[in-house]
Amino acid sequence: MSETLQTPARPWNRPRPPRVAGVLLIVAAILWFCLEALAASRFRPRYSYAHNYISDLGVPDPGTFEGRAMDSPLSAVANFMFLSQGILFLVAAILLTRAIAPSASRRAFLLLAIGYAIGFTLIATFHGSEQAAANGTGKFHVLGGAIAAISGNVALIVAGLYLRKFRGHNIFGVFTVTAGVVGILSLVLLMIDRSSTSINLLPDGTWERGGCYPILVWEFVTGVLLLRGSASNMSNS
C-alpha cells in the first residue's frame with residue numbers, strides 16, 4: 001500500500017493477497033449469524049430482531065431492562081459470538097496490514113481493528129441489564145458498544161478510501177466505504193430515535209443491526225475475494 005503519486009495496480013507487497021485473512025473474515029461473519037440465530041432461538045420471551053438489541057442475547061441473568069423482558073439461556077453462546085468477532089477481525093487485520101507497505105492508512109486501520117476487538121471484549125464481559133445498571137458496570141457495556149461500532153465502521157471507510165487509490169479496486173473501494181457509511185448513519189439514527197420522544201423511524205434493534213451487519217457483510221465478501229485472489233478484479237474498468 002504505497003501512498004505515492006505513482007500508485008501501483010494492487011495494494012499487496014507480495015504476489016498474492018493473504019488468504020488466511022480471508023478464511024478468518026468468512027468464519028467471523030458466518031459464526032456471528034449462526035451463533036446469533038442459535039442464541040435467539042432459546043431467548044424468552046420470543047426474540048425480536050427488530051426490537052431487541054443484539055446484546056440482549058448475552059445477558060446471563062433473567063430480568064427486565066428498559067422495558068425489555070430478557071431470559072437468554074444461551075447467553076454464553078452470544079458472548080462467545082461477541083468475543084470471537086472482535087478477535088477474528090483483529091487477527092485478519094494484522095495479516096492484511098502485514099501484507100501491505102507502511103502507510104498512515106495501514107496504521108489507522110490496525111488501530112481501529114484493535115478498538116473493534118476491545119469494544120467487543122467489553123460487550124462480552126459487561127452486559128446491558130438491570131443488575132449491571134445497579135452495580136455500575138453497565139457503563140462499560142455502553143462504552144464497548146460505542147467503541148466497537150464506531151471503530152469497525154470507520155475502519156471500513158479508511159480501508160475503502162485507501163483501496164480506491166489503486167487501479168482496479170474502485171468498485172470494491174466504493175463498496176467498502178458505503179458499508180462503513182451505512183453503519184455510521186444507522187448508529188446516528190439510533191441515537192436520534194433513542195433521544196427523542198417524537199421521532200421513532202424504526203425500532204432500535206433495526207438501527208443497531210444497520211450499524212453492525214454492514215461490517216459482517218463486508219467481512220464475508222472480502223473474505224471470498226481474498227480466497228479467490230480476485231479482489232483486484234472488482235473494478236470499473
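Assorted remarks:
- GLY119 within 29 Å of GLY58 (Cα to Cα), within 15 Å of the chain's Cα centre (by Cα) and buried (at least 23 other Cβ atoms within 10 Å of the Cβ): yes
- Taken over region 44-75, the criterion of being among the hydrophobic types (A, V, I, L, M, F, W, C), surrounded by 22 or more Cβ atoms within 10 Å (Cβ to Cβ) and assigned to a loop (DSSP other than H, G, I, E, B) is satisfied by VAL59 alone.
- If you go through region 162-186 and keep only what is without any contact (Cβ under 8 Å) to a residue 60 or more places away in the chain and touching a Pro at 6+ places or on another chain (Cβ under 9 Å), you end up with THR178, ALA179, GLY180, VAL181, VAL182, GLY183, SER186.
- Test for PRO15: is it open to solvent by 20 Å² or more (accessible area, probe 1.4 Å), assigned to a loop (DSSP other than H, G, I, E, B) and either in contact with a strand residue (DSSP E or B) (Cβ under 7 Å, 6 or more places away or on another chain) or at pLDDT below 95 (or both): yes
- Residue match in region 28-46 (condition: among the hydroxyl-bearing types (Ser, Thr, Tyr) and touching a helix residue (DSSP H, G or I) at 6+ places or on another chain (Cβ under 8 Å)): no
- Among the residues of region 76-99, those that are at pLDDT below 95, open to solvent by less than 30 Å² (accessible area, probe 1.4 Å) and part of a helix (DSSP H, G or I) comprise LEU96, THR97.
- Test result for ALA108, over 21 Å from VAL142 (Cβ atoms) and surrounded by fewer than 20 Cβ atoms within 10 Å (Cβ to Cβ): yes
The values are calculated or read from the model by the stated rules, or taken from the named source; none is laboratory data. Since the model is a prediction, treat every value here as computed from it, not as a measurement. Cβ coordinates were reconstructed from backbone atoms using ideal geometry, including for glycine residues, and neighbour counts include every protein chain displayed. Side chains are part of the model used for accessible areas, which takes the heavy atoms of the whole protein and leaves out ligands, DNA and RNA. Shrake-Rupley method; radii C 1.70, N 1.55, O 1.52, S 1.80 Å.
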